[in-house]
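Engineer: Let me give you the structure first, and then I'll get to my questions.
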Amino acid sequence: MRIPRYKQVVDTLAAELRAGRWPVGTRLPTHRELAAREGIALVTATRVYAELEAMGLVTGEQGRGTFVRELPELSGIDQQLMAADVVDLRFNYPAIPGQADLLRNALRELAGSGEVEAFLHYQPHAGRLDDRAAVARHLGRRGLAVDAAQVLIVSGAQHGLASTVMATLRRGDVVAADAVTYPGFKAIAHALGLELAVYSDLDELCRRRPVRAVYTMPTLHNPLGTVLTLAARKRLVATARRHGLLIIEDAAYAYLAPDAPPPVFALAPEITVYVSSLSKSVATGLRVGYVAAAPPVVPAIERVVRATTWHTPGLNVAIARRWLDDGTVDRLEAHKRTDAHMRQSIARDVFAGLPVVGHPSSYFLWLPLGESARADRIAASLARQRISVSTAEEFAVSQAPQALRLALGSIPVPDLRRVLSAVRSAVDDEAHR
């Protein structure tokens, strides 16, 4: 069977791109230039680039052209393979000295307790009531007055978000989101067939589209580090009530901003689902998260937990519960706020003069680039220096701006200034191209 001409062009270009013939960030020939070079129609050249973009090999920017994308080597779905000598500025797994000893002691205490045999058996889907009560007390210290029956224990915030979406939304539903947002929620929306709609004015979007829910990170937005004012939270709640929206409040990093206004859940508990975890505040490997919801919503989320994980491992929950009750979590959160503030100060010093965006006690920084700069080209340059960074494309709901998101929490403090200085040099070099 004869292969269509445009498919031949697609296959040839795809092979060249995968082989690295075109460096990351290279501007490819215009549609008209490609058409002339390959002897195809202009509309066919447009189709060629559309297929290459769908394959993830190039990215098109209106008014600027088509550019070669970075092709990360993957060890799993959306997980970049990280060699031992690569410095990771993509993911945060902040740890405080002594946390391993805390875990060792907790395991020793649990081994000598009467709880051990219980870990061999199924737990209630939403968690044992006394464990849920411990989480409710913890949330009370964050400004959420909830009953234990309103709390569900889940396997991390990502599981909590997915369970909430599966319980409350359906394929094809429209969810309002910020222009740049948490990639994990983007992945959930894609997997479950939701449409993410960018908004700057939520009320106006709801008048144009059948919006069903709004996803928000009011206290320490990832990746921007912003904190919504109380007035902005009240406007969000008023709009959600007016249009009958569900509010999904992601508070994974909220512990880093203790003086923030009350959670949205506290303002509108009847229409808000609050999701957080101990992954960032304690340890990423301790997959214990929690969801707080209005009583009518709890059974639906519990059914999803049953269908997905059945329950959160009892051993993990027992450790978390002990640390919630004895003040360990509160102490770790306070220590990490100090640590994040120090790291943020170092970053601000290194990037002085650049338009950085972030919270003063955040473990990440958003670095917008100049109009002519290429984030993927900077990322490729840093990768050659064994430094891994995220571009805005991972966070963008629609067209990605030229920006980098830098995770500050995974590098030893003595190395942080040197690594960030290398990033600064790469950014400066790109600006002078």
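The values are calculated or read from the model by the stated rules, or taken from the named source; none is laboratory data. None of these values were measured; they are calculated from a predicted model. Glycine also receives a Cβ, built like all others from the backbone with ideal geometry; neighbour counts cover every protein chain displayed. Ligands, DNA and RNA are excluded from the accessible area calculation, which covers all protein heavy atoms including side chains. Shrake-Rupley method; radii C 1.70, N 1.55, O 1.52, S 1.80 Å.
Engineer: In the list Leu332, Leu420, which residue meets the criterion of being closer than 30 Å to Leu102 by Cα and either touching a residue at least 60 places away in the same chain (Cβ under 8 Å) or touching a Pro at 6+ places or on another chain (Cβ under 9 Å) (or both)?
Structural biologist: Leu332
Engineer: Across region 221-249, which residue is nearest to Ala268 (Cα to Cα) among those that are open to solvent by less than 10 Å² (accessible area, probe 1.4 Å) and part of a strand (DSSP E or B)?
Structural biologist: Of everything passing the filter in region 221-249, Ile247 is nearest to Ala268 (Cα to Cα).
Engineer: Testing Arg128 on (1) under 16 Å from Val305 (Cβ atoms); (2) open to solvent by less than 60 Å² (accessible area, probe 1.4 Å); (3) in contact with a strand residue (DSSP E or B) (Cβ under 9 Å, 6 or more places away or on another chain), one condition comes back false. Which one is that?
Structural biologist: (2)
Engineer: Being assigned to a helix (DSSP H, G or I), surrounded by 16 or more Cβ atoms within 10 Å (Cβ to Cβ) and at pLDDT 80 or above is the requirement here; does Ala106 meet it?
Structural biologist: Spelling it out, Ala106 is indeed assigned to a helix (DSSP H, G or I), surrounded by 16 or more Cβ atoms within 10 Å (Cβ to Cβ) and at pLDDT 80 or above.
This table checks each residue for (1) over 22 Å from Val317 (Cβ atoms); (2) open to solvent by less than 10 Å² (accessible area, probe 1.4 Å); (3) not in a loop (DSSP other than H, G, I, E, B).
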residue	(1), (2), (3)
Pro261	yes, no, no
Ala266	yes, no, yes
Val275	no, yes, yes
Ser281	no, yes, no
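Engineer: OK, next. Hey, among the residues in region 283-334 that are in a helix (DSSP H, G or I) and of a type in the set (Ser, Thr, Tyr), which one's most open to solvent (accessible area, probe 1.4 Å)?
Structural biologist: Thr308
Engineer: Collect the residues in region 10-52 that are within 29 Å of Ala383 (Cα to Cα), among the acidic types (Asp, Glu) and surrounded by 15 or more Cβ atoms within 10 Å (Cβ to Cβ), keeping them in residue-number order. Reasoning before the result, please.
Structural biologist: If we filter region 10-52 for residues that are within 29 Å of Ala383 (Cα to Cα), which is where we start, we get 10-30, 48-52.
Checking the rest, the ones that are also among the acidic types (Asp, Glu) come to 11, 16, 51.
Listed by number, the list holds a single entry, Glu51.
Engineer: Inside region 109-146, can you point out the residues that are in contact with a helix residue (DSSP H, G or I) (Cβ under 7 Å, 6 or more places away or on another chain) and of a type in the set (S, T, N, Q)?
Structural biologist: Passing the criteria: only Gln123.
Engineer: Return the residues of region 346-373 that are open to solvent by less than 60 Å² (accessible area, probe 1.4 Å), outside any loop (DSSP other than H, G, I, E, B) and not aromatic (Phe, Trp, Tyr); say none if nothing qualifies.
Structural biologist: Ile346, Ala347, Val350, Val357, Leu365, Leu367, Pro368, listed by residue number.
Engineer: Now a separate question. Does Val297 satisfy the criteria of being closer than 15 Å to Val135 by Cβ, modelled with pLDDT of 95 or more and not polar (S, T, N, Q)?
Structural biologist: no
Engineer: Across region 345-375, what is the number of residues that are touching a residue at least 60 places away in the same chain (Cβ under 8 Å) and under 19 Å from the mean Cα position of the chain (by Cα)?
Structural biologist: Of the residues in region 345-375, 10 are touching a residue at least 60 places away in the same chain (Cβ under 8 Å) and under 19 Å from the mean Cα position of the chain (by Cα).
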